[in-house]
Structure formats: structure tokens, C-alpha cells
Amino acid sequence: MAQDHILTVPAKAKTSPLAKFPAEVRDAHARFLLTRDADALDTVVLAIVRDHQPPAVRAHTPAVPADSARLMEDLGFDSLALAEIVFFIEDLYQVSVSNDDLMTIPTVGALRAFVRNKIALAPLPSHAS
């Protein structure tokens, strides 16, 4: 009688959503998780914005956009790209952002302030990424 062989594949360890980001961004994330340093959170948010920015527009905008920079008009985001940024932040910090909230964020400064307020009200994530 032939025995069935079951091949077991080890579960892939969950990688940090920030794995592809520079060490300074990963360090800022870790610092925020430990200390709730708002400047560290800003560093992470700005890096996420930059990472999701359309490449053709990214080449012509400053690495650190001004708070007054409009996400859609100045930085080239469409509603799908903005939703992707929000999904990324939701996953990273285990918070929830409604579509209505998303529609109230027109600029980089508004996004930074929104994330600061949203994260400040949330418990720290249970995982260290």
C-alpha cells in the first residue's frame, strides 16, 4: 500500500511593511513605537507618501514636500493612490480610517496632522515592525 506523502511548507514569516524603506525610516518607526515621538511618526508618513507618489511626478517634487503641498494637484495622487497610502498606514499602525475621513485630507500637512491625531488615540500595535 502506497503511503501518501504530505509536503509541508513552512509558513512565511510576515515581513515588515517597511522592509523596503531606508533604515532611517525603519528606525523612526521603531522610535515612534517606543516613545510616541511625533517627529518620528512624521518621518514615516512622509516616506510612505513619497513611496506611493507616481514616479513621473516624484522626479519633479522635493523629497520632503511642504505641508501646503496638495496631495492630488501638486503631488500627482489620484483617489486610488490616496487609498493605498491609507491602507498602508492602517496596516502599519492597526488603525481604521473611513472613506469620509480620507476625503478631508487635501494636503501633506493635513495628512500628517490626521495621522498624528488618529495614531495618538489608538493603542500601540501589538507587533514591532
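The values are calculated or read from the model by the stated rules, or taken from the named source; none is laboratory data. Remember, predicted model here, so these are calculated numbers, not experimental data. Counting neighbours? That spans all protein chains shown, and the Cβs are built from the backbone with ideal geometry, glycine included.
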Total residues in the range 46-80, condition modelled with pLDDT under 90 and farther than 20 Å from F21 by Cα: 1
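A quick yes/no check of all residues on (1) of a type in the set (D, E, K, R); (2) within 22 Å of L33 (Cβ to Cβ):
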site	(1), (2)
P65	no, no
L92	no, yes
V95	no, yes
D101	yes, no
V108	no, no
I119	no, yes
